Amino acid sequence: MSQNLGKASVKPEKPVYILNSGSIVGTKEGQGPLGLLFDMVGSDDMFGCESWEEAESSLQKTAVQLALEKAKVKPEDVKFIFAGDLLGQSIATSFGISTYQIPLLGVYGACSTCGESLTMGVITIAGGFAERVVCVTSSHFASAEKEFRFPLEYGNQRPLSATWTVTGSGAFVLGNEDALASYGERARAKVTGMTVGKIVDYGLKDSMNMGACMAPAAASTLEQHFIDFGSQPSDYDKIITGDLGKVGQTVLIDLLKDKGYDISSRHMDCGIEIFDGETQDTHAGGSGCGCSAVTLSAYILKQLEEQNWKKVLFMPTGALLSKTSFNEGKSVPGIAHALILES
């Protein structure tokens, strides 16, 4: 039976399991509403390192270690690792997980990288090319500001539409039925379908309003997902985007209403959930590769494990820009990838 579905989706013949996961975050994230759910919270956002970039690398290394230990898996038992971050040449990844000596496939989808890495991991296992893989992504507020905007020392004022890049990393051990049997415990969730997004560009050029730049891509992927699976918003307990924040959430809901889908009663955004908008001064919410990854590991999978939710659609979103493209006056395209997660 073909595992392809519709124009852009995949439905594995057999579920692929998220055996376990690990999450580590910075001090600001630890003070937020989900603070008690993360596996580790740093007492210093430098994490004992000499640079912000090195600190982000340590986040990935630690997240993978946590996930492997919790899944009772040794590095040599993992076939591939799919990993990425926001920095140029993915240096947080290359310096962070090199010690594990697991064959690496680096991915980049901006803030959608968690969804992209999980999708590639699931396809690899569903295709019979691996029994276990690891997927990991990270971001760091200070390294991202340095890479894309202004050095922290500049002290620039941030508009209300801006989101706050999450300092954190989430790692996931995926496995097939044999890996689940070896694990000997219940998986955190199973992945039963994916919809791969396409690049959508509405011509927006405001790098301080990432939510509005990414929302059209999220709407496109969601519409295609509903068409490919013949589903409706009511089929899911939650439809969860990664990094739209408050501005992007409003844009997404409006765009989908124009297409005949109302997700307002069940939409959730990781960037809104991870910070307290009233007390933490993060403006529109959170973003970054680590935002959806740590929220998935610490909060979403917990809800599925406890049967509070039975089926959710998890869809990280990414803004595909660089310093070069922005300085040359280019627009900010978006992309989003969706995965069906079931308890």
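The values are calculated or read from the model by the stated rules, or taken from the named source; none is laboratory data. Only a predicted model underlies this, so the values are computations on that prediction, with no experimental measurement involved. Note: ideal-geometry Cβ built from the backbone for every residue, glycine included; neighbour counts use all protein chains shown.
Here are some notes:
- Within the range 3-60, the residues that satisfy the criterion of being acidic (Asp, Glu) and either farther than 23 Å from ILE97 by Cβ or free of Cβ contacts under 8 Å to residues at least 40 places away in the same chain (or both) are GLU13, ASP44, GLU50.
- Checking GLU69, GLU50, GLU54 one by one, the residue that is farther than 18 Å from LYS28 by Cα, surrounded by 16 or more Cβ atoms within 10 Å (Cβ to Cβ) and acidic (Asp, Glu) is GLU54 and no other.
- Filter pass, THR250 being without any contact (Cβ under 8 Å) to a residue 40 or more places away in the chain and not in a loop (DSSP other than H, G, I, E, B): yes
- Test result for ALA55, assigned to a helix (DSSP H, G or I), within 24 Å of ALA83 (Cβ to Cβ), of a type outside the set (Lys, Arg) and more than 18 Å from the chain's Cα centre (by Cα): yes
- The residue that is nearest to LYS311 (Cα to Cα), among those in the range 173-192 that are assigned to a strand (DSSP E or B) and among the small types (Gly, Ala, Ser), is ALA189.
- Note on the range 160-181: among residues that are closer than 23 Å to PRO316 by Cβ and not hydrophobic (A, V, I, L, M, F, W, C), the one that is modelled with the lowest pLDDT is SER161.
- Considering residues of the range 85-108 that are buried (at least 24 other Cβ atoms within 10 Å of the Cβ) and among the small types (Gly, Ala, Ser) only, the residue nearest to GLU53 (Cα to Cα): ALA92
- Verdict on VAL41 being surrounded by fewer than 21 Cβ atoms within 10 Å (Cβ to Cβ), in contact with a helix residue (DSSP H, G or I) (Cβ under 6 Å, 6 or more places away or on another chain) and among the β-branched types (Val, Ile, Thr): yes
- Looking only at the range 284-339, residues that are among the charged types (D, E, K, R) and in contact with a His (Cβ under 8 Å, 6 or more places away or on another chain) come to 0 in all.
- Flag if GLN224 is touching a residue at least 60 places away in the same chain (Cβ under 8 Å) and assigned by TED's automatic domain parsing to the domain that holds LEU296: yes
- Pairs meeting the criteria (first residue in the range 255-266 and assigned by TED's automatic domain parsing to the domain that holds ALA212 and acidic (Asp, Glu), second residue in a loop (DSSP other than H, G, I, E, B) and at pLDDT 95 or above, beta carbons under 8 Å, at least 6 apart or on different chains) are lacking.
- Residue match in the range 205-217 (condition: of a type in the set (Asp, Glu) and crowded, with 20+ Cβ neighbours inside 10 Å): no
- Residues that are more than 28 Å from GLN303 (Cβ to Cβ) and modelled with pLDDT of 95 or more do occur in the range 182-199, at least one of them.
- The lone exception for THR250 - which of (1) over 24 Å from TRP164 (Cβ atoms); (2) surrounded by fewer than 19 Cβ atoms within 10 Å (Cβ to Cβ) it fails: (1)
- Filter result (touching a Ser or Thr at 6+ places or on another chain (Cβ under 6 Å), in contact (Cβ under 8 Å) with a residue 40 or more places away in the chain and more than 16 Å from PRO33 (Cα to Cα)) within the range 294-320: LEU304, LYS310, MET315, PRO316, THR317, GLY318
- Of all residues in the range 1-38 being among the charged types (D, E, K, R) and part of a loop (DSSP other than H, G, I, E, B), the one that is surrounded by the fewest Cβ atoms within 10 Å (Cβ to Cβ): GLU13
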